[in-house]
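Comments concern the structure below.
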Amino acid sequence: MADNVAITAGSGTTVAADDVGGVLHQRVKVSIGADGTAADWPVGSGSQAAVPRVTLATDSPGVTALGQATMAASLPVTLASNQSAVSTTEIDSLAVSGSVTSATTLFTQDMTGYESITVQVTSAGTSCTITYETSDDNTNWLSIAGWNPANVTSGFYSVTSTTAIMMRFPRAGKFFRARVSTYGSGTVTVVGNAHKAPFTGNTAVGVYTSFSSLSVIGPAAAGSVNNSPIPIGLNARSTNPAVVDSADVVYPLATLLGAQVSKPYSIPETDWSYAAATAGIANTTTAVTIAAAAGAGLRNYITSIQLMSEALGAASEFAIRDGAGGTVIWRTKIGTGGVTAGESITFPSPLKSTANTLLEVVTLTASVTGAVFFNAQGYIAP
């Protein structure tokens, strides 16, 4: 049978048409199929084999300028009910790069839509410094610190680089740039990628561990430690550590066996004590040294004393002095009846000498008869 059908006007054959402004436009029903077969164009979902395919011309403006449009300007597409998996790809990163031979900007990147950026210096030049900066107005720039993933144990952050290195930065402002702030010679080249995934810091360590402005102060005997990361431990000592400045950071102290020093005031090795002579202090105004000068920058501290006196032939003041014949820092009066039961006194705020100065006790009036017995305990510290 022939493919075409002849229609003779006036024979009664009716052809579907649509009146558009007084002009009839023929209606055409689309069918599909191989030669010799015909099937209506499917409506709605269907199997992959029964769904028509559309191929767009490669030079079509609609292809070369693809983009999102409104619903009214878009053509709905229905996937086949048995369509095999359709892979989709989201662009996770945006490549950036720059190469210069002078002190100038390597690249500036608008970070809109991106939460972090990785920069790899593939050529550092000679005696060149790259500074990394962020800005919201693309005019006023501030330094931003990036993390070197090669330093997983120390979490090294820096706002500059001078060697071939890789660094990752969080998004701070709208714009990010890398620039050669100091140029020596050679070519400085960087490549990188802006990422949609945020940068959460040094995940290997979990915390920010670089304290560039914090000095950990300790004696040389503390061992080979540095300030990144901050060491956690005690400083074992048998002598007092060197004196530090106000507001410096110091180690907690421990004995040589590692037991933390939790006793008041000082380590055991710097404690001192004085015990009265066998006959005590009898009928004299000559002072008795109870603690020698402690050394440059060090003081003697008294934490407690015990005083006992026999009946005396004459009442006398009893004093503790700072230095030979020096200032009285503690005083009492012993009557002729003495202090036969003895007294024990603890100083919540220890008595202290002047630096590198001895401590002495004295009966300011000779006792004539009877003796005074005095004991003291203290420590040495700055």
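With a cut-off of at least 3 residues that are modelled with pLDDT under 95, name the strands (runs of 3 or more DSSP E) lying wholly within segment 147-241. Walk me through it before giving the result.
Values: elements: 166-170, 175-182, 185-195.
Where strands (runs of 3 or more DSSP E) fall fully within segment 147-241 and carry at least 3 residues being modelled with pLDDT under 95, they are 166-170, 185-195.
I'm told Ala293 meets every condition in (1) surrounded by 15 or more Cβ atoms within 10 Å (Cβ to Cβ); (2) farther than 21 Å from Pro241 by Cα; (3) small (Gly, Ala, Ser) except one. Can you identify the failing condition by its number?
(2)
Going by the structure shown, is Thr118 surrounded by fewer than 17 Cβ atoms within 10 Å (Cβ to Cβ) and β-branched (Val, Ile, Thr)?
Values: surrounded by fewer than 17 Cβ atoms within 10 Å (Cβ to Cβ): no; β-branched (Val, Ile, Thr): yes.
Here the answer is no, as Thr118 does not meet what is asked.
Quick check on this structure: which one of Thr340, Thr286 is exposed (fewer than 15 other Cβ atoms within 10 Å of the Cβ) and at pLDDT 95 or above? Break it down stepwise before answering.
Details: Thr340 fails: at pLDDT 95 or above.
So the residue among Thr340, Thr286 that is exposed (fewer than 15 other Cβ atoms within 10 Å of the Cβ) and at pLDDT 95 or above is Thr286.
In segment 253-283, how many are exposed (fewer than 13 other Cβ atoms within 10 Å of the Cβ) and more than 37 Å from the chain's Cα centre (by Cα)?
Of the residues in segment 253-283, 4 are exposed (fewer than 13 other Cβ atoms within 10 Å of the Cβ) and more than 37 Å from the chain's Cα centre (by Cα).
Looking at segment 328-353, which of its residues are under 42 Å from the mean Cα position of the chain (by Cα) and not small (Gly, Ala, Ser)? Before the answer, list the steps.
Step one: list which residues in segment 328-353 are under 42 Å from the mean Cα position of the chain (by Cα), which gives 348-350, 352.
Matches in segment 328-353: Pro348, Pro350, Lys352.
Within segment 308-323, is even one residue assigned to a loop (DSSP other than H, G, I, E, B) and under 54 Å from the mean Cα position of the chain (by Cα)?
yes
Just one of Phe347, Phe373 is part of a strand (DSSP E or B), surrounded by fewer than 16 Cβ atoms within 10 Å (Cβ to Cβ) and of a type in the set (A, V, I, L, M, F, W, C); which is it?
Working: Phe373 fails: surrounded by fewer than 16 Cβ atoms within 10 Å (Cβ to Cβ).
Of the residues listed, the single one that is part of a strand (DSSP E or B), surrounded by fewer than 16 Cβ atoms within 10 Å (Cβ to Cβ) and of a type in the set (A, V, I, L, M, F, W, C) is Phe347.
Please go through (1) in a loop (DSSP other than H, G, I, E, B); (2) touching a Phe, Trp or Tyr at 6+ places or on another chain (Cβ under 8 Å); (3) buried (at least 17 other Cβ atoms within 10 Å of the Cβ) for Thr134 and return the number of the only condition it doesn't satisfy.
(1)
Could you tell me how many of the residues in segment 270-294 are of a type outside the set (S, T, N, Q) and under 13 Å from Leu359 (Cα atoms)? Give the steps one after another, and end with the answer.
Start the filter on segment 270-294 by keeping residues that are of a type outside the set (S, T, N, Q), which leaves 271-272, 274-277, 279-282, 287-288, 290-294.
From what is left, the residues that are under 13 Å from Leu359 (Cα atoms) are 272, 274, 287-288, 290-294.
Qualifying residue count for the region: 9.
Restricting the first residue to segment 318-344 and requiring it to be in the same structural domain as Ala291 (by TED's automatic domain parsing), which pairs with a second residue that is of a type in the set (Asp, Glu) and not in a strand (DSSP E or B) meet a Cβ separation below 8 Å and a spacing of at least six or different chains?
Sorted first by the residue in segment 318-344, then by its partner, the pairs are Gly338/Glu310; Thr340/Glu310.
The values are calculated or read from the model by the stated rules, or taken from the named source; none is laboratory data. What you see is a predicted model; the values in this text were computed from it and never measured. So basically every Cβ, Gly included, is an ideal-geometry build from the backbone, and we count neighbours across all protein chains shown.
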